[in-house]
1. Considering Gly748, Gly753, which residue is among the small types (Gly, Ala, Ser), outside any loop (DSSP other than H, G, I, E, B), over 22 Å from Tyr389 (Cβ atoms) and in contact (Cβ under 8 Å) with a residue 12 or more places away in the chain?
2. Within region 213-224, does at least one residue satisfy the condition of being farther than 25 Å from Thr777 by Cα, open to solvent by less than 20 Å² (accessible area, probe 1.4 Å), polar (S, T, N, Q) and in contact with a Leu (Cβ under 8 Å, 6 or more places away or on another chain)?
3. Can you tell me which of Glu593, Glu613, Glu599 is at pLDDT 95 or above and touching a Lys or Arg at 6+ places or on another chain (Cβ under 6 Å)?
4. Does Ile36 count as at pLDDT 95 or above, in contact with a Phe, Trp or Tyr (Cβ under 6 Å, 6 or more places away or on another chain) and either within 26 Å of Val322 (Cα to Cα) or open to solvent by 20 Å² or more (accessible area, probe 1.4 Å) (or both)?
5. Taking the criterion of being exposed (fewer than 15 other Cβ atoms within 10 Å of the Cβ) and in contact with a His (Cβ under 9 Å, 6 or more places away or on another chain), would at least one residue in region 152-174 satisfy it?
6. Return yes when Ala791 is farther than 30 Å from Leu508 by Cα, in contact with a helix residue (DSSP H, G or I) (Cβ under 7 Å, 6 or more places away or on another chain), modelled with pLDDT under 95 and in a helix (DSSP H, G or I) and no when it is not.
7. Of these, Leu47, Leu65, Leu42, which one is closer than 21 Å to Ser223 by Cβ and at pLDDT 90 or above?
8. Any idea which of Asp653, Asp670, Asp657 is modelled with pLDDT of 95 or more and open to solvent by less than 30 Å² (accessible area, probe 1.4 Å)?
Amino acid sequence: MTQSQLEEKSGDAQSTDLRREGDILVSGGGIYVNDIELPGMLHAAILRSPHPHARIVSVDVAPALARPGVHCALGGAEAVELAGPIPHFFDPSVVGGKTTEFRVLAVDRVRWVGEPVAAVVAGSLADAEAALEHIEVVYEELPAVIEIDEALADGAQTVFDEWGDNVLIDLPFVEGDADAELAACDHTLSGEFEQHRLQTAPMEPRGYLGHWERGDRVTLYASTQNPHPLRTTLATVLDLPETRIRVVAPRLGGGFGQKFNGYAEEPLVCVLSRLAGAPVKWVETRADSLLIGAREYRHRFTIGFDDDGRVRAIRDRIWGNVGCLATWGGWSMTYPAGMIFPGPYKVHHYAIESMAVVTNKAPWNGARGYGKESGCVALERMIDLVAEYLGMDPAEVRRRNFIPADEFPYWFAMKHLDSGNYEGVLDKLLTLVDYDGLREEQRRAREEGRLFGVGLAFELTPEGGDFAGSFVRGFDTSTVRLSPTGTVTVLTGVTSPGTGNETSIAWLVAREFGIPADSVEVVQGDTDACPFGFGNFSSRSLSAGGGAAFLAARELRDRIAVAAALMLGSKDAPEELRFEGGRIVAPNGDSIEFTVVCEEIFKRAYATPGLWEGQLEVTRTDLPHNFHHVPDELGRMSAYPSYPNSAHLCVCDIDRDLGLVNVLRYAYVDDCGVVISPRFVEGQVSGAVAMGIGAALWEHLPYSADGQPLARHLKAYVPPRASDLPAFESDRQVTPSPYTTLGTKGAGETGVGGAMASTANAVNDALSPLGVRLHRTPFNGPNVLAAIRGAKAG
C-alpha cells in the first residue's frame, strides 16, 4: 500500500492524530496497575540481596511473621515447592548459548545486588516493608566480577560455576574476507568506543496484582508488554492449565522493553496470593527499577577505505556486559548490536563478533533500540573518523557509501533490506537545516573561540524481528467483530505500551467501513478476550496487529458489500460499492445505511438467496513477508523484515570551563514507510531522540568497584528534562515496504541510535580544535572537562 492509497477516503474515519481517550490521560484519569484495587487486597514487599555474589547459608522468615499486619512470608527454599523454574523470555540455548535455571526467589546463591531473596505479604505496604527488616539471612560472601576485563581474565571467578567461564555466547556476523580487504585498502583506522550502562526509566515502574481464587483460577493484572506469553509462563511455573489463568495488561506508563515478561515477581505474586488467600499487589519502587540496566558495550574496530572515501571493509569486536543472566532476555541485545553492520552502507567485507559476557552486575533488560543503537554509534563514529582523516565533509562520505535506491531489495549475509532511499533522506535533512549555512555559522563561532560542533549520523533500524523457537515472533492476530447495530469491536493480540496504537488500529478498521473511528472499540491486553498474540516489541504492533485488523475488516467489508448489493438491487459488482459517511453507495448513487445492512445480515442470512454469510466476525493473522529463516543457496538469512531509517543532525557548544554540553539544535528526517498516524510517528521518533541524547550526555548507572549500584534515584540517574533540549526540527520521507500489508515499517525505536551517534559526533567535532577525542560515554560535564584539561596539560 502506498501513502496516497492509504489517504484515499480517509476523511470519514476522522483524523488519526487525535489520541483516543487522550483527554483522560492528560487529566490523570488513566487506570494503571497501581490504581486497581480488589476486595481484601494485600501488599507484598521483597527482600533483595545486598551482595553482588554470595552463598545463602540460611533464610529465616519467622521473625517477620510475628510482625503486625503480616499475613505470610516466603523464602527461596519454601518457594521451590510452590513454583517451578521460570521459562526464559528468550533462552540463549535457542541460538547456541549457555543457560541455567532460575526460580522466583534465590535458593542457594545470589549473583547481583537486588536479586529477590524473600517476600512478605501484609495488610499495608508499610507493614510489609517494615517486616522485611526482621527477616534473618545469613550470607557467605563470594568473589565478584564486575567489569568485562575481570570476567574474561584467566582464572576469573565464574558467575555460574557449571559454565566454566563467563562467556554466555559469542555471535559472529561475517561476509566476504575482511582481513584481505583491509590489507588492500588505501587506508585503515583503528579505534574503540565504549557505551556505559543505563536504562529506559519508564514513568511507570513494573507492577503486578495476583489473585489465586478458589478452584485454582488465577488472574494477574500486570504492567507487561506481552500478556499471552506471560500467561504461558505462569502456566508452566504454577503447573496450571492456561485455561485457568487470565492475564490483564491495563494501560502502561511506558514499556521500552523494560516490561517484557520473565520477571520473578510475575509468578511470585500469584504464589503469595495462594498462601495468603487474598489478592496480592506488588509495585516496583523507583530504586528497584533502577537496579536493572542495559546498553553497556565495548567496541574495538578497524575500518578500511580508499582515497575517495569509499569504505571497503570493517572489523569490530563487541563485548556486552550483560550483567547476570536472567529470564527476561536482555542478553539478546548483543545480537542486533552486531547484526546491524554495515548499516546503510554498501560494504560486503566485514567481520563482526559480538560477545555477551556475564558479570555480577544486575541483568540487562530490554531497552528501546535493543542493541542496534550501539552498533549505530560505533559505525557512525567510524564514518566521521574517515571523513576527518581524509578532510572530507561527513555528509559526502556517507553519500558515497550509501546503498543506491535502485538496488533495493538488498541482501547482506544476515539482512534482507526491504526498501530505502538513504541519499534522499540525507538530502532532506541537509536542506531542512541549511547545512552550508550551518557550516558557515560554525566557522564564525570557532573564530570567536567557541567549541561549536555539528554532528551527523544515519541510522538503520531493523524492526519486527521473528525468532522461531521463542515467543518473540513477527506475526500477530486480530479479530474484527460487528454487532447488529453496526458497532465494531477489534480484539487484537498486540498491546500498546502507551503509544496510542489502538487509535491507529481503530482508524484503519473504520476507514474500511466508512464509519467514524469512535464507532470502533479496540480491546487489547486481556487473554480471556483477545486472540493469542505476542504483544508489543520490535515496533511491530501496527504492521502486524494493525495489518491483521485491516485484513479482517477488508474481508468483512466484502461480505457486507454482497448484502448491500442485494438490498439495493444493484447489478454492479459488490466491490464497486463505496463505503463512506456511514452509508454504502452504489455507482448510480443509490445508498443504504451501513447499520441497516449489518442488522439485516443477522436477521436474514441463509433465508435470503445470495446471503450465505451470517456471521460478521473475522479473525486474521498477518506478518511481513520478508522473513528468511532457512539459508538460501548463498547461506543468507534474515530475521528482521523491515528497515526504517533516519538521518540526524545535532548542533552543540561546550562550556570550556565547566565541560557542559549544550544542545543548540537538533533535526532529523525519518522514513518508516507508509505513515498511518503522522503525529504519533513524530512523537515516537522525537521521544526516541530525547532518549538517545540523554543516553549520550547524562543518563548513567555506575557501579562501585565492589559491585554496588550507585544510581538508585532520579537525582543520581538523570534523564533529560524538556528544558534541557531544543525544539526538534523534523521532516519525513515515505518509502513503502513491499513486504508489509500496509507498506509500513516500524516507528518505535528509530531515533535512539541516531541521536546517540549524532550527539557523539557533535561533541567530538566541537572538541576537535583542541585535538581531543572522546570515545566513552556519557559525555557529561566531568568527563568532557577532564578531556579538555588533559588537552591543555598535553
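The values are calculated or read from the model by the stated rules, or taken from the named source; none is laboratory data. These numbers were taken from a predicted model, which means no experiment stands behind them. Please note: Cβ atoms are built from the backbone with ideal geometry, for glycine as well, and neighbour counts cover all protein chains shown. Calculation scope for accessible area: heavy atoms of the full protein, side chains included, ligands and nucleic acids excluded. Shrake-Rupley method; radii C 1.70, N 1.55, O 1.52, S 1.80 Å.
1. Values: Gly748 fails: outside any loop (DSSP other than H, G, I, E, B).
That would be Gly753, the only listed residue that is among the small types (Gly, Ala, Ser), outside any loop (DSSP other than H, G, I, E, B), over 22 Å from Tyr389 (Cβ atoms) and in contact (Cβ under 8 Å) with a residue 12 or more places away in the chain.
2. Yes; the residues of region 213-224 include at least one that is farther than 25 Å from Thr777 by Cα, open to solvent by less than 20 Å² (accessible area, probe 1.4 Å), polar (S, T, N, Q) and in contact with a Leu (Cβ under 8 Å, 6 or more places away or on another chain).
3. Working: Glu613 fails: at pLDDT 95 or above; Glu599 fails: touching a Lys or Arg at 6+ places or on another chain (Cβ under 6 Å).
Residue meeting the stated conditions: Glu593.
4. Judged against the criteria, Ile36 is a match.
5. No, region 152-174 contains no residue that is exposed (fewer than 15 other Cβ atoms within 10 Å of the Cβ) and in contact with a His (Cβ under 9 Å, 6 or more places away or on another chain).
6. On the way: farther than 30 Å from Leu508 by Cα: yes; in contact with a helix residue (DSSP H, G or I) (Cβ under 7 Å, 6 or more places away or on another chain): yes; modelled with pLDDT under 95: yes; in a helix (DSSP H, G or I): yes.
When the stated conditions are applied, Ala791 passes them.
7. Working: Leu47 fails: closer than 21 Å to Ser223 by Cβ; Leu65 fails: closer than 21 Å to Ser223 by Cβ.
Criteria check complete, one pass: Leu42.
8. Details: Asp653 fails: open to solvent by less than 30 Å² (accessible area, probe 1.4 Å); Asp657 fails: open to solvent by less than 30 Å² (accessible area, probe 1.4 Å).
On inspection, the qualifying residue turns out to be Asp670.
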